[in-house]
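Only the coordinates and a few stated rules stand behind these numbers; no lab work does. Since the model is a prediction, treat every value here as computed from it, not as a measurement. Backbone-built Cβ (ideal geometry, glycine too); neighbour counts: all protein chains shown.
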Amino acid sequence: MRERWYITLQTFPKMFHDSVIRFGDCRCQWWKTGPDTTASLTYAEVGRIVKELGSGLMKLGVQKQDRIAIMSHNCPQWLWADFSILNIGGITVTIYPTLSQREMVFIINDSGSRMLYVQDEANLKKALDAWDQMPSLERVIMMRDDFPTDDPRVMNLSQIRKLGVKALVEEPYAYERRWREVDIFDKMTIVYTSGTTGQPKGAVHTHHSMSSASALDMKMLPVISEDDVFLSFLPISHTYERQCGQMIALAVGATYAYAQSTATVVQDIATFKPTIFMSVPRIYERIFMAIREAYSATPQSKEAFENALKVGLAVTEARADENGFIDMSEGIDFTEGLSPELKQKYLEADALVFSKVRQLLGGRYRFAFSAAGSLPADLCKIFMAMGIRIIEGYGLTETCNTTNLNRINKILPGSIGPLAVNVEGRIAEDGEWLVRGDNVIKEYWNNPEATREAFTEDGFFKTGDIVEELADGYIRIVDRKKAIIVLDTGKNVPAAKVENQFSLSKYVDQVCAVGDDRPFLGALVVPNFDAFIAYFEQNGIAYDKSALQFVGEGAQRMCVKVGPDFLANEQLRAIVDEEIQAANKNLEDFETIKKYVIVTRRFLESEDEVTPTLKLKRRVIAQHFADEIEQIYARG
């Protein structure tokens, strides 16, 4: 095994500058500039940009431990902004770019941020319109070189860099001294929990806690290097993508590539041919849908895909041990130990279908991670059957991600794996998962009461998730503690168990289970509008096209709302009901969906109904769809 030299505990300015020196001529960042064109920067080039930006911030008076916020979608400038702050001893405050002006104001004020990096005019306008409400804010920095501004409160990247160049001429070693002064126990970042309930809390990570998190991750992974390409599409504002993706890629000298959005993942994979990426269950569902759709062009190709999948799943089951563990190590022979007949069938399926599917993932794919929600065991097995490695883990913003992780040589579908290296855990009496380790926060910003409530007396962090233990210390998530639906009969229903039944559905897009203090379980059901539009067009079914609402452009275009006539179609209602009844067969009687309402629009992040990692905010959804829920429980 190659030496894992990159596993260290150090400040992130030290890690960054080590990589700039060691990998100066290697590609650091890679992104699209058009449909068929890309651009990139080396580690040396990124190092120079960050040095000039950091020196510019110092010229503007930024001191150690000052807070500076970033409100931007994923882009190369996100990394530049992040390290311009960290390398001068500042604290990066992350703000999701989709948050409202009210939420932005709360985070700026709660953190006391002096400056704010923004990517676009929409968020610039939010800041300027609320300027008088944010007394600590001194400047907004537009993350573009050429953005024209005559407002003294607004600067662009070129202006900051020019200030930095001037500062470097005047004091050549000021920046170098500053980043070397950063202590590993200094506060590094404040990440406000998006949360599915309640007011956001600012989780404070130090260089020590996040560096500890990276170290424990890298101990458990196969060896990674400058030959790897990480594809970024989850929000870097979240600790999952930022630490497991951006920071680990930089530590080993790998390429960090930027997808255009979560909606274009399949196309972006074809462009960048990544070896590794971070994802969430919802994205794997979309990837599988895209793969299945690609093989549905003709009845023959569809039949070939379904037959190959049956063979692949049979092989996956045959390779599992008595407890269900499956070895997915790189280079392993999936056919070893199989009967001659099954081996031959698998080799044929692999040549005809699976090898082509892996090419859809770019042809260089090694492995990917799944977190921020349970990956359905059936979906995990489907990817395994095709020779695609997904390593499921678990963690929270407060734990800087990984507390549990499946090992690549011992994956248990449906589980989040055993404890990570250097992390302790135990199950509380009520089933809540409690964890302790150097990667866990020590405090919430400006919130000692929340900090006290978050920990047990002996320092274990309360995750808020109900779990159960499986074989060999592997853990399965039942659901969020607050997402357990308690019927008025006293029965407890994990909402996630019900909703995950639809993860592979072609025609049901989202399901929100409801039923707290009600006599039975109900559901709000969002059909896959795009799938039904295609179905209606193919079958000559008329519908009101003027009522359709879309978001995104080109490959990112998605229907998010339809008219009532669309949902009144008998074939749509019959297909949706078929999906509901099929799901109910996998549930206990008290868990089954007894009644449901099909709703006219998707649950949206822009309506605060979905977190940036695509989890449902059930409390908000219940408020927005109160009438529909009452309809479910109306008598008669």
Above 16 angstrom, tally the Cα pairs of region 1-85 and express them as a % of all pairs, no decimals. 62 percent
Label-point separation in nm, residue 65 to residue 471, each point 7 Å along Cα→Cβ: 5.1 nm
Which of the listed residues, 370, 454, 464, is farthest toward the dipole's positive end in region 281-481, when Lys, Arg count +1 and Asp, Glu count -1 at the beta-carbon? 370
Flagged as over-length at 19 Å C-alpha distance, from 273/356; 442/462; 491/594; 481/595; 381/491, the pairs are 481/595; 381/491
For region 262-415, list log₁₀ I(q)/I(0) at each q in 0.09, 0.16, 0.21 Å⁻¹, using the Debye formula over Cα point scatterers of equal strength and ignoring solvent, two decimals each. -0.28, -0.91, -1.51
Which FRET efficiency value, to the nearest 0.05, is calculated for residue 364 and residue 488 with the Förster distance at 51 angstrom and r the Cβ-Cβ distance? 0.45
Could you state the number of Å between the C-alpha centres of region 588-615 and region 85-128? 30 Å
So how much slack lies between residue 378 and residue 318, counting 0.36 nm per residue of separation and subtracting their Cα-Cα distance, in nm? 20.1 nm
Would you mind giving the average projected area, over all directions, of the Cα convex hull of the chain in nm² with one decimal? 29.9 nm²
Which percent, to the nearest 5, of DSSP beta bridges fully inside the chain are antiparallel? 55 percent
Neighbouring Cβ atoms within 10 Å as the yardstick, rank 590, 147, 305 fewest first. 590, 147, 305
If each DSSP helix of 4+ residues adds -39,500 (n - 2.57) and the sum is divided by the residues in the chain, what number results at 222 nm, nearest 500 deg cm²/dmol? -10500 deg cm²/dmol
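By the scheme Lys and Arg +1, Asp and Glu -1, what is the net charge of all other residues having a beta-carbon under 13 Å from that of residue 333? List each step's numbers first, then the result.
Details: positive: 319, 343; negative: 327, 330, 336, 350.
Residues near residue 333 contribute -2 overall.
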Among residues other than residue 204 whose Cβ falls under 9 Å from its Cβ, what is the net charge (Lys/Arg +1, Asp/Glu -1)? +1
Would you mind getting me the FRET efficiency between residue 530 and residue 296? Use the beta-carbon distance for r and R0 = 25 Å, nearest 0.05. 0.95
Which ³J(HN,Hα) values in Hz, rounded to whole numbers, follow from the phi angles of region 376-393 under the Karplus curve 6.51 cos²θ - 1.76 cosθ + 1.60, where θ = phi - 60° and Gly and Pro get x? x, 4, 4, 5, 4, 5, 4, 5, 4, 4, 8, x, 10, 8, 10, 9, 8, x
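If Lys and Arg each add +1 and Asp and Glu each add -1, what is the summed charge of the other residues whose beta carbon sits under 15 Å from the beta carbon of residue 35? Before the final figure, lay out the partial values.
On the way: positive: 32, 557; negative: 36, 268, 553.
Neighbourhood net charge equals -1.
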Between residue 138 and residue 339, take the C-beta separation as r, use R0 = 56 Å, and let me know the FRET efficiency to the nearest 0.05. 0.20
Which residues does the label zone of residue 145 cover in region 153-168, counting backbone N under 12 Å from a point 7 Å along Cα→Cβ? 157-159, 161-162
Expected sort for 544, 350, 458 with the fewest Cβ neighbours (10 Å cutoff) up front is 458, 544, 350
Between the modelled labels at residue 424 and residue 516 (7 Å from Cα along Cα→Cβ) the distance in nm is 3.3 nm
Can you work out the base-10 log of I(q)/I(0) for region 487-632 at q = 0.20 1/Å, using the Debye formula on its C-alpha atoms alone? -1.35
Placing each pseudo-label 7 Å from Cα in the direction of the beta carbon, residue 620 and residue 37 end up separated by a distance in nanometres of 3.7 nm
If one puts a single equal scatterer on every Cα of region 241-328 and applies the Debye formula without solvent, what log₁₀ I(q)/I(0) results at q = 0.14, 0.15 Å⁻¹? -0.75, -0.83
Report the extension gain between residue 8 and residue 21 in nm, rounded to one decimal, defined as 0.36 nm multiplied by the number of residues separating them, less their alpha carbon distance. 3.0 nm
For region 350-417 and region 430-482, what is the centre-to-centre distance using only Cα atoms, to the nearest Å? 24 Å
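Assuming 0.36 nm per residue, please report the length gained on full extension of the stretch residue 101 to residue 48 beyond their Cα-Cα distance.
On the way: separation 53, 0.36 × 53 = 19.08 nm, distance 3.33 nm.
Full extension of this stretch gives 15.8 nm more.
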